[in-house]
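Shown next, in structure tokens, is the structure this report addresses.
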Amino acid sequence: MAFTNELALRCDGLHRYLGQDDARVHVLKGVSFAARRGEVYAIVGPSGCGKSTLLYLLGLLDRPDGGEIEINGQLMSTSDDAARTAARCEHIGFVFQFHFLMLEFSALDNVMMPMRKLGRLSQQEMVERAHSLLSSVGLGDKTHRLGTQLSGGEQQRVAVARALANQPSIILADEPTGNLDVKNSGLVFDLLTRLAKENGQAVILVTHNPEIAARCDFTRPMRDGLFA
Amino acid sequence: MLMSLSCTVLGVGLFVLTQATTSGFEEFFIKTILGTDGAMRVEDKIQDTLRQMTAGGGSDFQISQRQGLKYIEGVEEPKLIINALKDFSNVSGAAPVLRGSVLVRADFKNESAQAFGISLEDHLKVSDLGRQIVQGDVATFREQPAGALMGRVLADRLQLSTGSTFILEAQGQRLRYTVSAIYETGVADIDKMRVYIHLSEARSLLKKPSGVSFVQVNLFEKDRAPQNALQMQEVLKHSAKPWQEREKSWLSTFRALRISSAITVSVFTLIAGLAMFNTLAMIVLEKTKDIAILRSMGYERRDITQIFLWQAGIVLTIGAVLGCIVGALSTLGVSYMPLPISGIFKTETFVVSWNAWHYVEAITTAALMVMIASVIPARRAARLEPGDIVRGTAQ
Ligand SMILES: Nc1ncnc2c1ncn2[C@@H]1O[C@H](COP(=O)(O)OP(=O)(O)OP(=O)(O)O)[C@@H](O)[C@H]1O
Ligand SMILES: [Mg+2]
């Protein structure tokens, strides 16, 4: 593939403090990292080491206190909200650690929401794409269930399908298989790796599962706000 | 959602109801008074007095100066005045009235009163006299040269009913009349004082072969009476008194009432607005997680504001419609409330006013409040970094 090995995401010397005054914690202490298209990266490390914090920064959901973030060659760490929002829509698919669906909406609607914003597909095409994404995470028969009528694992799979909706070049997933049984975590992981290879997407996932980590192209162990 | 909806409904409904109930009496009073004494009276001829002053210094320079106004009682040439009045586009009718003090002699009792000599057809165009008849018929009066229309209170005092006869005494002469019909305006001062007779009869009774006391004028647009009066005064050289000036004391009483009710309405509106603000802010707060999700997918701040505006629009639309219905129904309910009043007007029940503007004002106010109450919290929520919301550190 043409984009394979192109740099999709790069960050350099990221710092992030959380909390205020006395409770202020230096969570990220100069993290540098790069991800290429078509590769799957696993970030592993003990709870509280700053994995989610890093992922929020990379997903442009939060601003770093120091350091640079580049998405597809464009410096994003200092750009304004409009540019960051547009980049999120087009280039980034994010799976939250606690999945976060819009619970009053159906699985189908949830998956279609990013597509609606991007506005590249017709209504018909959006429905079809949402259906096929939900089928590929094993939820083809539950597309019309509301978020509240889905189990935790099912919600997580809808969230994965949603992150893939706009074919982003970068997929950031915070423990996408954390709630899933062996069969479904295999399903989701296989889907993510297949897409990375087929579409030339960079997949960065946080996982506590050593088997999953072992099957990624790269594993980056993290400890206390730094890559080991 | 339900909470802010009920706030809107309540706010709009209350707004309409308070407006309807507070302006009702005033409007009814104005209607009564206009229906009785017309929008304007042209009376008393103006006499310009020119004073000539010789400027000092021995020059022949003369200064003419208007020095106040002098009046000559009554209208000497009613026909001329009425014709001239018809040239004013706002005038819908003008009727001559000859007024004089009389003594009413009935079998048991005498009462002093005012005889109003009217030209019936003209007078019906400048008053609601035709609709104020409570006993008998105007047609009877039309046919009886010596007929009279007597006020309800006066007729009761003299124990007269339709068909009874009585004597009017004025200028030392006595003439016999028949009660053709009895009217009731509700205005006590009128109902106990006025006896309407035909103008020609009044002329002989009051010994006034020409001229009238005043010309009663009715207008298409009553609110323009003061301006019209000024113009008429200029053109006709007669004093013209608009109803606003004539009924000044009552109108200022009503104005005071209106101000006090405006304060009540504003307090209501403020409370409803605060409640709405609270609930809409709460809705936004509940939705901050959804806002973070939408923002993480690339929805812009503007999109978020729009979603909440859209929601507010729905609340507003439903709230306004229901509120107007609630307002109209409660107004209707209040209008059936028994509340007998007579003296300045006559009513058996609470007087309400039906005015589309009340509804327009209520909806406009509600729209303003809902929009403010939803835009501000939504904008504030949309400004947060999604990461902060997700992590729970949003402030
Ligand atoms: N609002 C906050 N104020 C202060 N410190 C915070 C705040 N939020 C998180 N932290 C700290 O930041 C560190 C990193 O948190 P983060 O959520 O990134 O960890 P993580 O590696 O994702 O852990 P897990 O594997 O449990 O999800 C933790 O030590 C946490 O205590
Ligand atoms: Mg985490």
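The values are calculated or read from the model by the stated rules, or taken from the named source; none is laboratory data. What you see is a predicted model, and the numbers here were worked out from it, not measured in a lab. Cβ atoms come from the backbone with ideal geometry, glycine included; neighbour counts cover every protein chain shown. Just so you know, the surface numbers come from the protein's heavy atoms only, side chains and all, with ligands and any DNA or RNA stripped out. Shrake-Rupley method; radii C 1.70, N 1.55, O 1.52, S 1.80 Å.
How well do other chains shield peptide B:382-390, expressed as the mean number of their Cβ atoms within 10 Å of each residue Cβ? Averaged over the peptide's residues, the number is 5. Each residue, A:Ser135 and B:Arg302, gets one label point 7 Å from its Cα in the Cβ direction; the gap between the two is 3.7 nm.
Beyond 20 Å between alpha-carbons counts as too far, so tell me which of B:Lys45/B:Lys248; B:Lys45/B:Lys208; B:Lys70/B:Lys207; B:Lys86/B:Lys222; B:Lys31/B:Lys125; B:Lys79/B:Lys237 fall in that bin. Those over the limit are B:Lys45/B:Lys248; B:Lys70/B:Lys207.
Taking each residue of A:89-95 in turn, how many C-beta atoms of other protein chains fall within 10 Å of its C-beta, and what is the average?
Neighbouring Cβ atoms belonging to other protein chains average 3 per residue here.
Think of a 1.4 Å ball rolled over the protein heavy atoms: the stretch B:311-373 then has 51 Å² of accessible area per residue. For the stretch A:213-225, putting each phi into the Karplus relation 6.51 cos²θ - 1.76 cosθ + 1.60 with θ = phi - 60° gives couplings of 4, 5, 7, 7, 5, 9, 10, 10, x, 10, 8, 6, x Hz, in residue order, rounded to whole numbers and with x for Gly and Pro. Computed about the Cα centre, the dipole magnitude for the stretch B:70-236 is approximately 380 debye when only Lys and Arg (+1) and Asp and Glu (-1) carry charge, each at its Cβ. Per residue of peptide B:301-309, the mean number of Cβ atoms on other chains within 10 Å of the residue Cβ is 1. In this simple spin-label model, placing a label point 7 Å from the Cα along the Cα-to-Cβ direction at both A:Gln124 and B:Leu230 gives a separation of 7.1 nm. Whole Å is fine, so just give me how far the alpha carbon centre of the stretch B:144-170 lies from that of the stretch A:31-56. Their Cα centres are 105 Å away from one another. Among A:56-63, B:375-382, A:193-200, the peptide with the highest mean count of other Cβ atoms within 10 Å heads the list, and the full ranking is A:56-63, B:375-382, A:193-200. Within the stretch B:207-269, the chymotrypsin sites (Phe, Trp or Tyr not before Pro) that combine a DSSP coil assignment with at most 15 other C-beta atoms in a 10 angstrom radius are B:Phe220.
Of B:Cys324, A:Cys11, the residue with the largest accessible area leads and the full order is B:Cys324, A:Cys11 (1.4 Å probe). Length, then width, then depth: along the principal axes, the Cα atoms of the stretch B:70-236 run 49, 32, 27 Å.
The slack in the chain from A:Phe98 to A:Ser151, taken as 0.36 nm per residue of separation less the alpha-carbon distance, amounts to 17.8 nm.
Compared with the alpha-carbon gap, the fully stretched path from B:Asp189 to B:Arg174 is longer by 3.0 nm at 0.36 nm per residue.
With the highest mean first, a sort of the peptides B:160-167, B:185-192 on other beta-carbon atoms found within 10 angstrom per residue produces B:185-192, B:160-167.
Residue separation of A:Glu68 and A:Asn199 scaled by 0.36 nm, minus their Cα-Cα distance, works out to 44.5 nm of gained length. Once C-alpha pairs closer than 8 Å and six or more residues apart are averaged by separation and normalised to the residue number of chain B, the relative contact order reads 27 percent.
Relative contact order, percent, of the stretch B:70-236 when contacts are C-alpha pairs under 8 Å separated by at least 6 residues?
33
Taking every protein chain into account, the accessible area of the stretch A:1-155 amounts to 43 square angstrom per residue (probe 1.4 Å). Seen against the Cα atoms of chain B and their longest principal axis, helix B:356-383 is set at about 20 degrees. In summary, the lysines within cross-link reach of A:Lys117, defined as a Cα separation below 19 angstrom excluding same-chain residues under 8 places away, comprise B:Lys287, B:Lys289. Would you please state which residues of the stretch A:161-203 a label at A:Asp217 would reach in this model, taking the label point 7 Å out along Cα→Cβ and a backbone N cut-off of under 16 Å? A:168-173, A:190-203, by backbone N distance to the label point. Per residue, the stretch B:70-236 exposes 47 Å² of solvent-accessible protein surface, assessed with a 1.4 angstrom probe and all protein chains in place.
Counting only residues at least eight positions apart within a chain, or on another chain, the lysines with an alpha carbon under 22 Å from that of A:Lys197 are A:Lys183.
Which whole-angstrom value gives the distance between the alpha carbon centres of the stretch A:72-124 and the stretch B:299-361? With the stretch A:72-124 and the stretch B:299-361 each reduced to a Cα centre, they are spaced 42 Å.
Does the stretch A:55-163 classify as rounded, prolate or oblate by the C-alpha gyration tensor (a ≥ b ≥ c root eigenvalues; a/c under 1.5 gives rounded; else a/b over b/c gives prolate, otherwise oblate)?
Details: a/c = 2.71, a/b = 1.76, b/c = 1.54.
Because a/c hits 1.5 or more and a/b exceeds b/c, the stretch A:55-163 counts as prolate.
Straight-distance candidates among the aspartates and glutamates for linking to B:Lys192, with alpha-carbon spacing under 14 Å and chain neighbours fewer than 8 residues away dropped: B:Glu111, B:Asp156, B:Glu184. How much net charge surrounds B:Arg379 when only the other residues with a Cβ under 11 Å from the Cβ of B:Arg379 are counted, with Lys and Arg +1 and Asp and Glu -1? Residues near B:Arg379 contribute +4 overall.
Once both labels are positioned 7 Å from their Cα atoms along Cα-to-Cβ, the gap between B:Asp107 and B:Tyr71 label points is 4.2 nm. Computed from the C-beta positions of A:Asp12 and B:Thr364 and an R0 of 45 Å, the FRET efficiency is 0.20 to the nearest 0.05. Chain A against chain B buries an accessible area of about 2100 Å², both chains summed, 1.4 Å probe radius.
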